[in-house]
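Structure first, commentary second.
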Amino acid sequence: MSDIDIVVEICGSAGEGTISAGEILSRFMSEEGYDIMSFDSYPAEIRGFGKCVAHSRISRTRVLTPGKYSDVLIALNDSHSISQLPVLKEQGVLIYDNKPPKYHDEDKSIAGWLEPGMIPYGIPLNELAIKAAGNARGRNMVALGAFAALFGISQDAFIQSVKRRYGKKKQVVIDNNVDSFVEGFNWTRDNVRKIDFHLFDSSPSDVKRDQLIINGNEAVARGALAAGLHLYAGYPITPATKIMEILSKELPKKGGVFLQTEDEISSIGHVMGAGFAGKRAMTGTSGPGFCLMSEFTGLSVMAEVPAVIVNSQRGGPSTGLPTKHEQSDLNIALFGGSGDSPRVVIAPTSVDQCYQAAVLALYIAEKYQTLVILLIDFFLSNSIKNLDPPPPPDPRYLNANIAPGKDELKDYKRYQITENGISPRTIPGTPGGMFFSTGLEHDERGKPVYDTKTHTLMTEKRFRKHREILKEIPEPRITGWEGQGDIGVVSWGSSAGAAEEAVILACEKGLKVGSFSSMVLSPFPANALVRFCDRFKTILVPEMNYSGQFANMIAPIVTRPVMRLNMVTGLPMASEDILKKIKEIK
Amino acid sequence: MPKNDHYVIIGNGPAGNLAADTLRDSDPDARITIVSNESMTYYYRHKLTEFIKGKAREEDLTVRPYSVYKDKNIRLRLGQQVDKIDPNKKIIYLKHMETVSYTKLIIATGASPRALPSVSNFSKCLNVLSTYSDALAQIPMINKNKTFLVLGGDIISFKFIRMLKDMGKEVTTLLYSEAFWPFSLEADMAQQVKKSLSDKGVTVISDDHIKSVKKSGEAFDIVTEKGLNQSFDSVYSFLGMIPNIRFILGSGIDTDRGILVDDHLKTNFDDVYAAGDCAQIYNPDMKSYWLSIGWNNAKIQGTLAAQNLLGAHKVINPAPQKILEVEGLKINTSWWESF
Ligand SMILES: Cc1cc2nc3c(=O)[nH]c(=O)nc-3n(C[C@H](O)[C@H](O)[C@H](O)COP(=O)(O)OP(=O)(O)OC[C@H]3O[C@@H](n4cnc5c(N)ncnc54)[C@H](O)[C@@H]3O)c2cc1C
């Protein structure tokens, strides 16, 4: 079995089928039993023009990052693709159109920028597409055909996959795609001498047809649906819009309510209303929308109304960089809003975790009657992973409201002070369960009261919930060196995959390095972190923000020097960068 | 177009590189581009036989690594073939469908193994060795095969035969006078060469011609006019070199066997020069043209073409004569450097 692990980039202009070619390739490789992670990028503005890159890592072993450098670049558009050459590895393969319909101007042809060691395969993409289907639209499929022929992929298996993908389309669409693929495949097989060394297994052993191939947004939406989401109210914003798109279709099918509101303030208002009425409700947004919602976040905490906000971070501040990756909303997630306002922050580290995190978020919000922020980011929202369909959530996650018993209803106190901070909650309309609800500080019955004692007791009660939540959050993930070592890498959110990968590579090189990440950041499993950090001389916190927001959060907890790796490149964290930093510290 | 001059050089051999260096030394701001259809940077062709034997590594072949071009701000376009030139519009057309404009052009495209008419019918069965990629592609085959027929007579053939013998191969060579290159050998000189080769265990056939070459399985069946009928694992041809000028034909630049230049290395276009193995140079005293051959001539001409392009008026002469030893013969020549 080949132990292939390669990164393929397809680069073209919007409308050239770049992203769909990437999707077809990823889907096929996943069906053939490979682990894949894809990450597409496209122009910031409305799609329709500009540069698109479909980036996929395909591996025999589990992949944790999409990979920083590519092994293969398929150029559907020369001038856009030139700017992808710096990430093509030294021995990288370039597949390009060597017979475009007219001459490129000087410096606008990718073949003009080849460097020694790169392996170019010129394929007449345009000509072959026209030959196959009468027009050049199928260039992307011709290129995939060339790729398949070069890398030992079975023509038949690929065609079956394409047919499955286009199953519901018109026959002519299916035929054109298949014919273009075959044209590219056969031409390459007959005319190109392979000089690179990448090869896939021609007959993979563990074919998987039922895998999900989804991005983080879809995983969040699926998780929320599985967790019994009843209402989603949202306002479109990159990179969170896809969650909304999916739920707009799927939620009504399940009897739920989908609302596109006039703005983000209205969205969170609807979510609070539904939460108050006893329904599981969620909204999704990005940094700029989250800012608008912050007034309501305080109300959720104070009035103890369940609410879940998904914040998919992008580059900031303000409207910032809509299609760039960053992890710079941690501070606002943890601390945004007025007063002592304990909120739960869940930051999944992978696409799989996005699903679990959505289930957990709705569960915690309901059970603990509080605000839960599901903090994802541009990379997670858009990175596509293949995974086994997750099992349905444990029933205990589905119905978590702690309602008052008959006796409690005799003298109902909606905000009763309790040991675990949770007060039994009635749904409006429950006989005997009437109560005041307000954003003002209040007594156990909800009546506004401002005295010292009440405010102190109520604040303590709200914070006590966190002590309880800490008992039922997933264990932090700890990998790498198990004994006393040199560097402990502590990461969060989507950077955790890169951190873990860097630690694996460092350990392979004989370094004593470990990795720690927790999906739940608030309440934070500080004891586990302290135990982890005590094993290492230095702590390294890699994160995609400038100010080291997470490093600032953990530095007072640990008794070791905390080194930082902060970047605002707009790209996902790369294991290569963390590994480099580890070596520098060493 | 940026306002700086753009000097374009086609060919990344000794002529092209010396030209580029000369241009860069005297014009630090000019744009300089070298286009080469090979993907290897500037290397010693005469070391290819050592490379095949495994006695020289890629680094040993390299005259100058890619990084040097970057340091000198010379844009090296590797693996890019010039398909045609329009000297009136001052544009070169690259095979991968890109146009490049120049203000001044130096053509230094060297020469390729020549296929004599007598072998043209079966040229598909013949191997040649002139580039790094030839060598790279042929190493497994040369290592595997045992019996070789070398159609030879040119100066490179002797080096190649020596390489095969060093590798323990069985070698037969067919020497004939049209194949002698770059100098013809008198009968007694040819005799000396034959003896020298025979002494090394090479089977030498002379005064004969190939009649047919047929592929049979992995091997090649050879029949000669005088009735030799034998099978060989591979057949090589070393019949001299011919200037690489095909892409210029029809452009308006004058050519004969090579690119015709005056004794300043200028073509019939004021801003187009040629240097090295591709150039055919006018000698006013003899009132005829001579073809440039060999490493040293290429270096001298590359330098001089660049100087003249920048405004000098220097006259080219062949490299000084040296004694070259070939199979026991001592030849006084300016065509070939003995490395
Ligand atoms: C095996 C071998 C051994 C040799 N041994 C010796 C020796 O011992 N002594 C000696 O003096 N000489 C030797 N030579 C000859 C010597 O290498 C040449 O004379 C010399 O390289 C000529 O230099 P040049 O710059 O003119 O051309 P070259 O070095 O041939 O360079 C020309 C370059 O231009 C490229 N080119 C051609 N056409 C195009 C196009 N259309 N577009 C883009 N690029 C193009 C060619 O591929 C080539 O890379 C040997 C040659 C060979 C092949």
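Exposed loop sites here mean chymotrypsin sites (Phe, Trp or Tyr not before Pro) with a DSSP loop assignment and at most 12 other beta-carbon atoms within 10 Å; chain A contains its longest site-free run at A:198-449.
Taken over the C-alpha atoms, the stretch A:477-585 has Rg and Dmax values of 12.3, 35 angstrom. Take every Cα-Cα pair in the stretch B:251-318 and report what % of them are more than 20 Å apart. That fraction is 17 percent. The distance linking the stretch A:326-402 with the stretch A:70-105 is 40 Å (Cα centroid to Cα centroid, whole angstrom). Buried surface between chains A and B: roughly 1500 Å² of accessible area, summed over both sides, computed with a 1.4 Å probe on protein heavy atoms only.
Dipole magnitude for the protein assembly as shown: computed about the Cα centre from +1 point charges on Lys and Arg Cβ and -1 point charges on Asp and Glu Cβ, it is near 1120 debye.
Specify the inter-centroid distance of the stretch A:429-478 and the stretch A:155-187, based on alpha-carbon positions, in whole Å. Cα centroid to Cα centroid, the span is 59 Å. Ignoring lysines fewer than eight residues from B:Lys169 along the same chain, the ones with Cα atoms less than 17 angstrom from its Cα are B:Lys53, B:Lys55, B:Lys144, B:Lys146, B:Lys159, B:Lys200. DSSP bridge analysis restricted to chain B gives an antiparallel fraction near 50%, rounded to the nearest 5. In a reduced charge model with +1 at each Lys and Arg Cβ and -1 at each Asp and Glu Cβ, the stretch A:406-469 shows a dipole moment near 140 debye about its Cα centre. Other residues within the sphere of radius under 11 Å centred on the Cβ of A:Ile58, judged by their own Cβ, net out at -2 (K and R +1, D and E -1). Each part reduced to its alpha carbon centroid, the stretch A:205-233 and the stretch A:252-281 end up 20 Å apart.
Beyond 28 Å in Cα-Cα separation lie the following of the pairs B:Lys266/B:Lys299; A:Lys108/A:Lys580; B:Lys95/B:Lys215: A:Lys108/A:Lys580; B:Lys95/B:Lys215. Taking each DSSP H run with n ≥ 4 as -39500 (n - 2.57) and averaging over every residue of chain A yields -11500 deg cm²/dmol at 222 nm.
Here chain B is treated with +1 on each Lys and Arg Cβ and -1 on each Asp and Glu Cβ, and its dipole about the Cα centre works out to around 620 debye. Every helix of 4 or more DSSP H residues in chain B counts as -39500 (n - 2.57), and over all residues that averages to -7000 deg cm²/dmol at 222 nm. Near A:Trp481, once Lys and Arg are set to +1 and Asp and Glu to -1 for all other residues with Cβ below 12 Å from its Cβ, the sum equals +1.
Checking the Cα-Cα distances for B:Lys70/B:Lys314; A:Lys99/B:Lys72; B:Lys47/B:Lys104; B:Lys47/B:Lys194; A:Lys249/A:Lys471 against a 26 Å cut-off, the pairs over it are B:Lys70/B:Lys314; A:Lys99/B:Lys72; B:Lys47/B:Lys104; A:Lys249/A:Lys471.
For the stretch A:415-483, the list of trypsin sites (Lys or Arg not before Pro) that fall in a loop by DSSP and count at most 15 other C-beta atoms within 10 angstrom reads A:Arg445. Size estimate for the stretch A:3-73 follows the Kirkwood approach: the inverse of mean 1/r over distinct Cα pairs works out to 12.3 Å.
Screening chain B for whole DSSP H helices of 24 Å or more along their axis (Cα) with average Kyte-Doolittle hydropathy at least 1.0 returns none. With all protein chains in place and a 1.4 Å probe, the accessible surface of the stretch B:113-240 carries 50 percent carbon and sulfur. Between the residues A:Ser38, A:Asn386, A:Val344, the greatest Cα displacement towards the positive end of the dipole of chain A, with unit charges on the Cβ of Lys, Arg, Asp and Glu, is found for A:Val344. In the stretch A:5-209, a dipole from Cβ-located charges (positive for Lys and Arg, negative for Asp and Glu) runs towards its positive end, and of A:Val72, A:Leu199, A:Asn177 it is A:Asn177 whose Cα lies farthest in that direction.
Ellipsoid semi-axes for the stretch B:113-240, based on the Cα gyration tensor and the rule √(5λ), read 20, 17, 15 Å when sorted largest first.
Any chance you could tell me what percent of the C-alpha pair distances in the stretch A:5-209 go past 24 Å? Across the stretch A:5-209, Cα pairs with separations above 24 Å total 35 percent.
In the context of the full set of protein chains, residues of the stretch A:334-420 present 39 Å² of accessible surface per residue (probe radius 1.4 Å, heavy atoms only). Projecting the Cα atoms of A:Gly320, B:Tyr66, B:Phe183 onto the dipole axis of the protein assembly as shown, where Lys and Arg carry +1 and Asp and Glu carry -1 at the beta carbon, places A:Gly320 farthest toward the positive end. At a threshold of 40 Å², the residues of the stretch B:87-115 that become less accessible to a 1.4 Å probe in the full protein assembly than in their chain on its own are B:His96, B:Met97, B:Glu98, B:Thr99. Shape annotation for the stretch B:1-48: C-alpha extents along the principal axes are 41, 20, 11 Å, from largest to smallest. Applying both filters, DSSP loop and at most 11 other Cβ atoms within 10 Å, to the trypsin sites (Lys or Arg not before Pro) of the stretch B:203-279 gives B:Lys226. All C-alpha pair distances within the stretch A:420-483, sorted into 5 Å bins from zero, spread as 4, 13, 17, 17, 15, 12, 6, 5, 4, 4, 3, 1 percent across the bins.
Sparsely packed loop sites in the stretch B:71-155 (the chymotrypsin sites (Phe, Trp or Tyr not before Pro) outside DSSP H, G, I, E and B with at most 14 other Cβ atoms within 10 Å) do not occur.
Both radii are taken from the alpha-carbon atoms of chain B; with Rh as the Kirkwood radius, Rg/Rh is 0.99. Looking at the calculated P(r) for the stretch A:215-397, what percent of the C-alpha pair distances fall above 26 Å? Result for the distance tail: 19 percent.
A compact globular protein would have a Cα radius of gyration near 2.2 N^0.38 Å; the ratio found for the protein assembly as shown is 1.24.
Taking only protein heavy atoms and a 1.4 Å probe, what accessible area per residue, in Å², does chain B have with all protein chains in place? About 45 Å² of surface per residue is accessible.
The values are calculated or read from the model by the stated rules, or taken from the named source; none is laboratory data. It should be emphasised that the depicted structure is a prediction, and the values quoted were computed from it without experimental measurement. Note: ideal-geometry Cβ built from the backbone for every residue, glycine included; neighbour counts use all protein chains shown. Each accessible area value is taken on the protein alone, full model and side chains, heavy atoms only, with ligands, DNA and RNA left out. Shrake-Rupley method; radii C 1.70, N 1.55, O 1.52, S 1.80 Å.
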